[in-house]
Amino acid sequence: MGIIGTIFIGLIVGLLARFIKPGDDSMGWIMTILLGIAGSLAATYGGQALGIYQAGQGAGFLGALVGAVILLVIYGMLRKNN
């Protein structure tokens, strides 16, 4: 998948994560895309550490969504403390 596809999937995953998690998550489009991409990376490497995914195998869409929601919760907790 090229960079445009990665950005598009990151946007979709980031938007869905923001929709699933309740509360005010004021962030722009770029942060939403980065959230989705980071969620996918977190799910991939976390899944490999837990033995869910093999090396070289990426997380699926649901795994990326779960990773993005977890990162969004962490982001909200860090932002609330400041």
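No value in this document is a laboratory result; all are computed from the given coordinates. Quick caveat: nothing in here was measured; it's all calculated off a predicted structure. Cβ coordinates were reconstructed from backbone atoms using ideal geometry, including for glycine residues, and neighbour counts include every protein chain displayed.
Before moving on, here are some points about what is shown:
- Put a dot 7 Å past the Cα of residue 19, heading toward its Cβ, do the same for residue 55, and the two dots end up 3.8 nm apart.
- In range of the label at residue 79: residues from region 10-38 whose backbone nitrogen is under 15 Å from the point 7 Å along Cα→Cβ: 14-36
- By other beta-carbon atoms within 10 Å, ranking 19, 61 with the fewest at the front produces 19, 61.
- Residues 53, 45 arranged by fewest to most Cβ contacts within 10 Å: 45, 53
- Structure-derived Cα extents along the principal axes in Å - corresponding label in (1) 37, 28, 19; (2) 41, 22, 20; (3) 50, 30, 10: (1)
- Ranking of 12, 74, 33 by neighbouring Cβ atoms within 10 Å, starting from the fewest: 74, 12, 33.
- Site pair residue 27 and residue 4 shows an inter-label distance of 2.5 nm when each label is modelled 7 Å from Cα along Cα→Cβ.
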